[in-house]
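Everything on this sheet refers to the single structure shown next.
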Amino acid sequence: SVFIYIGVVVMKLSKLFLICAIGMCAENVMAETENKMNFSVGGGVIQGNLKYSEIDVDDKMDGYFINLGLGDRSGIHYFTEYTKQESEHNTQYDAITIGVKQRFYQLQNFYTSAGFALGYVKIKSPERAELASNQVAYNMEYVTVPLSLEAGYVAYQKLSLFAGLDFDIIMCKNEIAVDYDKSSGRNVDMDVLSDHQSLGLKYKVGLRYYF
């Protein structure tokens, strides 16, 4: 009878341990579900200006951007983004960035976030772009640190609308530029953006969908 009693106790303890184990597993699954990473796709329109050092003119840039992101409910968002812009002088602007944003304020469906990234930018002109009565050709490459500020509204559970500001700080550059002097017909080397430490401020508006 003693052995039977011991067996019953062992069976009850086994059931208790099993229930506890199932409960702990359930809590872990729920925690992982709450903190799971969500994949997102976004895109929209972007606008900015390039200010040249030796030519008194702003080159207005218009284009689009596409980004892919991965974030969790804590508000952190990792992303990579491609930007394509073109100016009225046919200047081509291509950029790719990889960075992170952190949501620091949220009120119901409204939120704001800030972030930084590492970017590669390539800017090139046609053979002879007309800028302020100058014929200029250039090919420029930059490594930048874009700083960003974003405000958005979660319209639906998986869709948000947002507007943002990007400010690109130049870290290093490779500029090749030529100014075709009309009066003399000579090709004159020039520093295009050497007096500037940034590529200016860009404005963007877009949509983001979460999977």
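The values are calculated or read from the model by the stated rules, or taken from the named source; none is laboratory data. It should be emphasised that the depicted structure is a prediction, and the values quoted were computed from it without experimental measurement. Here the Cβ positions follow ideal geometry from the backbone for every residue, glycine too, while neighbour counts run over all protein chains shown. Keep in mind that these areas ignore ligands, DNA and RNA; they rest on the heavy atoms of the full protein, side chains included. Shrake-Rupley method; radii C 1.70, N 1.55, O 1.52, S 1.80 Å.
Couple of notes before you dig in:
- Summing charges over neighbours of E150, with a neighbour being any other residue whose Cβ is under 11 Å away from its Cβ, gives +3 when K and R count +1 and D and E count -1.
- Surface listing: K84, K101, K36 arranged by accessible area from highest to lowest gives K36, K84, K101, probe 1.4 Å.
- Protein-only accessible surface order, largest first, of Y203, Y93 at 1.4 Å: Y203, Y93
- Fully extending the segment from N90 to T112, taken as 0.36 nm per residue of separation minus the present Cα-Cα distance, adds 4.5 nm.
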